[in-house]
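A.B. asks: Okay, here's the structure, questions in a sec.
The values are calculated or read from the model by the stated rules, or taken from the named source; none is laboratory data. Quantities reported herein were computed from a predicted structural model and do not represent experimental measurements. Cβ placement follows ideal geometry from the backbone for every residue including glycine, while neighbour counts extend to all protein chains displayed.
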Amino acid sequence: MTIKQKLNRESTAGYVFILPFIIGFLAFTIIPIFFSFALSFTSYDVLSAPKFIGIDNYVQMFTNDSKFWKSMGVTFYYALVSVPLRLIFALLVAMILVRPSKASGVYRAIYYLPSIMGGSVAVAVLWKRLFASDGAINALLQLVGIPCKIAWLSNTSTAIWTLIILAVWQFGSSMLIFLSGLKQIPVTYYEAATIDGAGKMKQFFSITLPMLTPVIFFNLVMQLINGFMAFTQCYIITQGKPLDSTLFYTVYMYQNSFQFNQMGYGCAMAWVMLLIVALLTGVLFKTSNNWVYYASK
Amino acid sequence: MKKRILSIALACAMIVASFAGCGGGTTTSTDAGSAAGSDASQAATETKKIRVAWWGNQVRNDRTTKVLKMYEEKNPGVKFETEFSDWSGYWDKMATEAAANSMPDIIQMDYQYIKQYVNKKQLADLTPYVGKQLKLDDVSQFSVDVGKFNDKLYGVSLGVTSPAMIYDIDSVQQAGVTLKNGMTMSEFIDAAKKIKEKTGKTCDFVYSDGETMMEYLVRGQGKVLFQDGKLGIDSSKDVLPFFQLFEDGVKGGYLTSAEDLDASVGTGIEQGLLVLGKQWEVMTTSNQLSAYAAAAKDKKLGIVTWPVGDNDTQKAMFLKPSMYFSVSAASKNVEECAKVIDFFTNNAEAYETLLTDRGVPVSNKVQEAIKPKVDESSKQLFDYISAIESECSDTNPPPPAGMTEVATLAHNLTEQVVYQKLTAQQAADQFFTQANAILKKAAG
């Protein structure tokens, strides 16, 4: 095959078109990932050349760093509580919005809005003010007659919940996916069920939920990964306070890498998190055979 | 077939376009025609682009930007690019930029960090420019020496500062107490109790950055808290008084509540507890006075030294450079940078704008020139610094690597004392062991 023929193949043009992405992906994702793996075996203070120290970072992490375990616990709690709550909430709203009505398009747009803004610094700052002891939440509670002076953000048992509520509030993208999932369920199933005398509840658990399992599965995996990677909320709103009760793993990793100048240790932490998320996702995929129902099978 | 070649060409164009944004030279040419025809033969002059970075508050941001504009007007061909952020974000950014070899040309440096950056060879030696572009003849020996490491000049101090307590005069008068330079800690606590009783306002002992107060109290015992690879104290006994301040403050009710303290961490002066009126004092450094005065316009502010330990054997107060300007070792315009720093050191006109936000000017001539022209808070600062000079002993050497982590540890432990999860004794014990371990690791 001559060069000219090679150049003329359709696939060549295709590759050239995706080249900008591939170069970017290699330069800003793949290479840094492997670079960080190498760095995780070093002591690297950013300002001078890394020193190879074998698996010391990992040993230190597992045996001699109570904050590591603390932040791991907080992150697990956050992800495992906020993700199911968010999915339940998203499904509920989707069920309401799936009914055709004139304004449903507008409602869908409005409910999607928090998803777009929710991860931003501006909303995080807003959240901090909302839950301040002299903030809007307490003022509202007082308005309805509950004399409330709780300092939501300075109490070890409530602080993490302000972050969880913020996460649940960003239900929009899951909601949209649920919406399209709901629309794909053939109406005939419900008609048949109604004729057979099944109530709304029965229909939900016997038709809607099983038919939605692929969508639920997809949402669960995606959101769980997101949950473990959450950063902005903690960094802006609580900074891990009080008493490290909201210290996210990613924020502690950031502190180590950029504030304590222990980039090597930070990289090692990143790899541990990567393994954990990969493992969790793997387990989810394994168990999915037992609870996810694909109509095509 | 032509279509395919066309599509490949288009794709290539797209790639080129998408990477064009990544580059960017440091020098660009401008048309000199506008420069009133003196050197008409020269078609273009080089524009020197100089990046300047600093941390600080809104007041400093406005004033520094203005002075840089002044310099641009006087020196056509120099163009500044400024980077401004808050304290903690600043150091994250500098470390990253240093690693990427893309530090700004002129970097505002701090006493805590300068040694690290010198040791890592990130800063340019300014000695060759001294006496030429950079004149230091009017600068006090102390202010020159604090920028020298291994006999080379790596930073020029921008002002003299010292620990200082800034307080709301009305609250203090209302309680009928007086504060004075060099008062003891128990005198201060008595005053704090009375003020709390009369006004409801509380006090703080540098909760957000406790390490500074801890170091200060240890100084009073004639010891230096940080040494290379270990703490300069023999037991937890020396840091106990620091944690005790917080434990007693919580029990006595005159310390600001844990919740307010926590909420104030990381917020700027403008949202700080003194400005909001929750606290009657704040322990900080003296150069902050003008920023506090600007932020708390409704209050009359006074300034005195931090209280000293009751049984101090040595003068704990000290003078230190508030901050430096250093030049990146990677800078291509070190000479021009030296000129800029000279402008910030010797130009009295610049100080009519800068005032004392970075402390008392280091040049004696500038001090004399601007004294009659400065605002009220700068006058207060001049008086304060000259009043306390005799109360000071030599400043500690810059802290070693690992210091940031130790400061975080000190803060976390203070937090636990304030939330009453730890006693002062437990916190002191934990600090002693863990801080030693951190310093040892950082030195190794």
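A.B. asks: Mind checking which residues of the range A:210-238 are within 14 Å of another protein chain (Cβ to nearest Cβ), buried (at least 17 other Cβ atoms within 10 Å of the Cβ) and part of a loop (DSSP other than H, G, I, E, B)?
C.D. replies: Within the range A:210-238, none qualify.
A.B. asks: With the condition kept exactly as written, say whether any residue in the range B:272-280 is part of a loop (DSSP other than H, G, I, E, B), aliphatic (A, V, I, L, M), crowded, with 18+ Cβ neighbours inside 10 Å and more than 14 Å from chain A (Cβ to nearest Cβ).
C.D. replies: Among the residues of the range B:272-280, not one is part of a loop (DSSP other than H, G, I, E, B), aliphatic (A, V, I, L, M), crowded, with 18+ Cβ neighbours inside 10 Å and more than 14 Å from chain A (Cβ to nearest Cβ), which makes the answer no.
A.B. asks: Checking the condition more than 30 Å from residue A:253 (Cβ to Cβ) and modelled with pLDDT under 90, which residue from A:159, A:132, A:139 passes? Working first, answer last.
C.D. replies: Values: A:159 fails: more than 30 Å from residue A:253 (Cβ to Cβ); A:132 fails: more than 30 Å from residue A:253 (Cβ to Cβ).
None of the others qualify; the one that does is A:139.
A.B. asks: Mind checking which pairs have a first residue in the range B:350-375 that is closer than 19 Å to residue B:289 by Cβ and a second that is surrounded by fewer than 16 Cβ atoms within 10 Å (Cβ to Cβ) and hydrophobic (A, V, I, L, M, F, W, C), Cβ under 6 Å, 6 or more apart or different chains?
C.D. replies: Pairs that qualify, where the first residue is closer than 19 Å to residue B:289 by Cβ and the partner is surrounded by fewer than 16 Cβ atoms within 10 Å (Cβ to Cβ) and hydrophobic (A, V, I, L, M, F, W, C), are B:366/B:348; B:370/B:348.
A.B. asks: With the condition kept exactly as written, say whether any residue in the range A:245-256 is more than 16 Å from the chain's Cα centre (by Cα), in contact (Cβ under 8 Å) with a residue 24 or more places away in the chain and more than 14 Å from every other protein chain (Cβ to nearest Cβ).
C.D. replies: No, because not a single residue in the range A:245-256 is more than 16 Å from the chain's Cα centre (by Cα), in contact (Cβ under 8 Å) with a residue 24 or more places away in the chain and more than 14 Å from every other protein chain (Cβ to nearest Cβ).
A.B. asks: Evaluate the range B:170-184: report whether one residue or more is among the β-branched types (Val, Ile, Thr) and surrounded by 20 or more Cβ atoms within 10 Å (Cβ to Cβ).
C.D. replies: Step one: filter the range B:170-184 for residues among the β-branched types (Val, Ile, Thr), giving B:172, B:177-178, B:184.
If we keep only those that are surrounded by 20 or more Cβ atoms within 10 Å (Cβ to Cβ) as well, we get B:172.
Within the range B:170-184 (the criterion being among the β-branched types (Val, Ile, Thr) and surrounded by 20 or more Cβ atoms within 10 Å (Cβ to Cβ)), the answer is yes, since at least one residue qualifies.
A.B. asks: Could we say that residue B:410 is within 14 Å of chain A (Cβ to nearest Cβ) and either assigned to a loop (DSSP other than H, G, I, E, B) or over 18 Å from the mean Cα position of the chain (by Cα) (or both) here?
C.D. replies: For residue B:410, the condition - within 14 Å of chain A (Cβ to nearest Cβ) and either assigned to a loop (DSSP other than H, G, I, E, B) or over 18 Å from the mean Cα position of the chain (by Cα) (or both) - is met.
A.B. asks: Can you tell me which residue among B:294, B:350 is surrounded by fewer than 23 Cβ atoms within 10 Å (Cβ to Cβ) and either touching an Asp or Glu at 6+ places or on another chain (Cβ under 8 Å) or assigned by TED's automatic domain parsing to the domain that holds residue B:69 (or both)? Show your work before the answer.
C.D. replies: Numbers: B:294 fails: either touching an Asp or Glu at 6+ places or on another chain (Cβ under 8 Å) or assigned by TED's automatic domain parsing to the domain that holds residue B:69 (or both).
Matching residue, one of B:294, B:350: B:350.
A.B. asks: For the range B:382-391, check the following and say yes or no: at least one residue is surrounded by fewer than 22 Cβ atoms within 10 Å (Cβ to Cβ), more than 21 Å from the chain's Cα centre (by Cα), among the aliphatic types (A, V, I, L, M) and under 30 Å from residue B:224 (Cβ atoms).
C.D. replies: yes
A.B. asks: Taking the range B:172-195, which residues are in contact with a helix residue (DSSP H, G or I) (Cβ under 8 Å, 6 or more places away or on another chain), over 17 Å from residue B:284 (Cβ atoms) and not aliphatic (A, V, I, L, M)?
C.D. replies: B:174, B:176, B:178, B:182, B:193
A.B. asks: Looking at (1) surrounded by fewer than 18 Cβ atoms within 10 Å (Cβ to Cβ); (2) closer than 23 Å to residue B:57 by Cα; (3) not assigned by TED's automatic domain parsing to the domain that holds residue B:154, which is the one condition that is false for residue B:376?
C.D. replies: All conditions pass for residue B:376, except number (3).
A.B. asks: Of the residues B:125, B:145, B:151, B:137, only one is surrounded by fewer than 16 Cβ atoms within 10 Å (Cβ to Cβ), of a type in the set (D, E, K, R) and over 28 Å from residue B:377 (Cα atoms); which?
C.D. replies: Values: B:125 fails: surrounded by fewer than 16 Cβ atoms within 10 Å (Cβ to Cβ); B:145 fails: over 28 Å from residue B:377 (Cα atoms); B:137 fails: over 28 Å from residue B:377 (Cα atoms).
B:151 is the lone residue from the list that is surrounded by fewer than 16 Cβ atoms within 10 Å (Cβ to Cβ), of a type in the set (D, E, K, R) and over 28 Å from residue B:377 (Cα atoms).
A.B. asks: Among the residues in the range B:259-266, are any outside any helix (DSSP H, G or I) and buried (at least 18 other Cβ atoms within 10 Å of the Cβ)?
C.D. replies: No, because not a single residue in the range B:259-266 is outside any helix (DSSP H, G or I) and buried (at least 18 other Cβ atoms within 10 Å of the Cβ).
A.B. asks: For the range A:256-297, which positions are assigned to a loop (DSSP other than H, G, I, E, B) and crowded, with 17+ Cβ neighbours inside 10 Å?
C.D. replies: The answer is A:260, A:261, A:262, A:292.
A.B. asks: Here's a follow-up. Report whether or not residue B:94 is within 13 Å of another protein chain (Cβ to nearest Cβ), surrounded by 15 or more Cβ atoms within 10 Å (Cβ to Cβ) and in a helix (DSSP H, G or I).
C.D. replies: For residue B:94, the condition - within 13 Å of another protein chain (Cβ to nearest Cβ), surrounded by 15 or more Cβ atoms within 10 Å (Cβ to Cβ) and in a helix (DSSP H, G or I) - is met.
A.B. asks: Looking only at the range A:1-59, filter to residues that are at the interface with another protein chain (Cβ under 8 Å from one of its Cβ atoms) and closer than 30 Å to residue A:69 by Cβ; which one of those is modelled with the lowest pLDDT?
C.D. replies: A:47
Residue-by-condition table, conditions (1) within 11 Å of chain A (Cβ to nearest Cβ); (2) assigned to a helix (DSSP H, G or I):
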site	(1), (2)
B:68	no, yes
B:88	yes, yes
B:98	yes, yes
B:108	no, no
B:113	yes, yes
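A.B. asks: Specify the residue that is farthest from residue B:359 (Cα to Cα); the eligible residues are those in the range B:115-142 that are in a helix (DSSP H, G or I) and at the interface with another protein chain (Cβ under 10 Å from one of its Cβ atoms).
C.D. replies: Among them, the one singled out is B:119.
A.B. asks: Let me ask something else. Looking at the range B:351-368, is at least one residue of a type in the set (Gly, Ala, Ser) and not in a loop (DSSP other than H, G, I, E, B)?
C.D. replies: For the range B:351-368, residues of a type in the set (Gly, Ala, Ser) and not in a loop (DSSP other than H, G, I, E, B): present.
A.B. asks: Still on this model: Can you pull out every residue in the range A:24-83 that is surrounded by 14 or more Cβ atoms within 10 Å (Cβ to Cβ) and polar (S, T, N, Q)?
C.D. replies: Answer for the range A:24-83, where residues must be surrounded by 14 or more Cβ atoms within 10 Å (Cβ to Cβ) and polar (S, T, N, Q): A:36, A:40, A:42, A:43, A:48, A:57, A:60, A:71, A:75, A:82.
A.B. asks: Away from chain A (no Cβ under 14 Å) and either assigned to a helix (DSSP H, G or I) or in contact (Cβ under 8 Å) with a residue 24 or more places away in the chain (or both): which single residue out of B:415, B:389, B:405 fits that description?
C.D. replies: Details: B:415 fails: away from chain A (no Cβ under 14 Å); B:405 fails: away from chain A (no Cβ under 14 Å).
From the options B:415, B:389, B:405, the qualifying one is B:389.
A.B. asks: Just to confirm my filter: which helices (runs of 4 or more DSSP H) fall fully inside the range A:125-209 and include at least 1 residues that are over 26 Å from residue A:291 (Cα atoms) and free of Cβ contacts under 8 Å to residues at least 40 places away in the same chain?
C.D. replies: Filter on the range A:125-209 gives A:136-143, A:159-169, A:187-195.
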